[in-house]
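Worksheet: the structure to be examined is printed underneath.
The values are calculated or read from the model by the stated rules, or taken from the named source; none is laboratory data. Quantities reported herein were computed from a predicted structural model and do not represent experimental measurements. All Cβ positions, glycine included, derive from the backbone under ideal geometry; neighbour counts span all protein chains shown. Ligands, DNA and RNA are excluded from the accessible area calculation, which covers all protein heavy atoms including side chains. Shrake-Rupley method; radii C 1.70, N 1.55, O 1.52, S 1.80 Å.
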Amino acid sequence: MAKIKKGDLVQVITGKKQDKGGDRGKQGKVLDILVGQNRVIVEGVNYVTKHTRVGQTQRGTKTGGIETMEAPIHISNVALVDPSTKKPTRVGHRVEEQTKDGVKRTVRVRYAKKSGKDL
């Protein structure tokens with residue numbers, strides 16, 4: 001089971017400080033996970049400018065030019081944010097038994113190690 005999933009709120013824990021033009025301390029939602037490269041794309045973090053070829057659509061509007069977009073960041077450089085304290089925390093897993101319609105099931109639950117709350 002992965003520690004960070006799509007849609008989680010994470011915080012950048014390494015890199016340049018924000019006053020020097022970096023992203024350390026910024027929080028954002030995980031947009032995508034690149035499993036093979038161990039990287040995540042975080043909303044509002046690690047912006048890069050990308051040049052795309054200028055073209056035209058069928059209606060005649062121009063496409064392309066210079067775009068800013070989020071680039072991937074290594075998964076070890078982000079930490080999950082605790083929902084109660086809004087600070088970075090580590091993730092733990094525990095197995096719980098749930099009964100639904102008289103059927104017992106074992107479910108793995110992610111929780112924040114600092115506060116113990118479920119994620």
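Take the conditions (1) open to solvent by less than 70 Å² (accessible area, probe 1.4 Å); (2) over 22 Å from R90 (Cβ atoms); Y47 misses just one of them, which is (1).
Evaluating Q11 against the criteria (1) part of a strand (DSSP E or B); (2) in contact (Cβ under 8 Å) with a residue 60 or more places away in the chain; (3) surrounded by fewer than 16 Cβ atoms within 10 Å (Cβ to Cβ) leaves one unmet condition, (3).
Conditions (1) more than 18 Å from the chain's Cα centre (by Cα); (2) open to solvent by less than 100 Å² (accessible area, probe 1.4 Å), marked per residue:
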{"position": "K5", "(1), (2)": "no, yes"}
{"position": "D23", "(1), (2)": "no, yes"}
{"position": "G60", "(1), (2)": "yes, yes"}
{"position": "I66", "(1), (2)": "yes, no"}
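In summary, strands (runs of 3 or more DSSP E) completely within the stretch 39-119 and bearing 2 or more residues that are farther than 22 Å from Q18 by Cα, among the β-branched types (V, I, T) and in the same structural domain as Q11 (by the TED database) occur at 47-56, 62-70. Sub-7 Å Cβ pairs linking a first residue in the stretch 15-38 that is at positive phi to a second residue that is of a type in the set (A, V, I, L, M, F, W, C) and surrounded by fewer than 16 Cβ atoms within 10 Å (Cβ to Cβ), at least 6 apart or interchain, number zero.
For the residues K86, K117, the requirement of being charged (D, E, K, R), surrounded by 10 or more Cβ atoms within 10 Å (Cβ to Cβ), within 23 Å of G28 (Cβ to Cβ) and at pLDDT 90 or above singles out K86.
Just to be sure before I move on: is V91 in contact with a strand residue (DSSP E or B) (Cβ under 9 Å, 6 or more places away or on another chain), at pLDDT 95 or above, within 22 Å of K114 (Cβ to Cβ) and surrounded by 12 or more Cβ atoms within 10 Å (Cβ to Cβ) in the structure I sent?
Details: in contact with a strand residue (DSSP E or B) (Cβ under 9 Å, 6 or more places away or on another chain): yes; at pLDDT 95 or above: no; within 22 Å of K114 (Cβ to Cβ): yes; surrounded by 12 or more Cβ atoms within 10 Å (Cβ to Cβ): yes.
Criteria not met by V91.
I33 passes every criterion in (1) closer than 19 Å to K87 by Cβ; (2) within 9 Å of the chain's Cα centre (by Cα) apart from (1).
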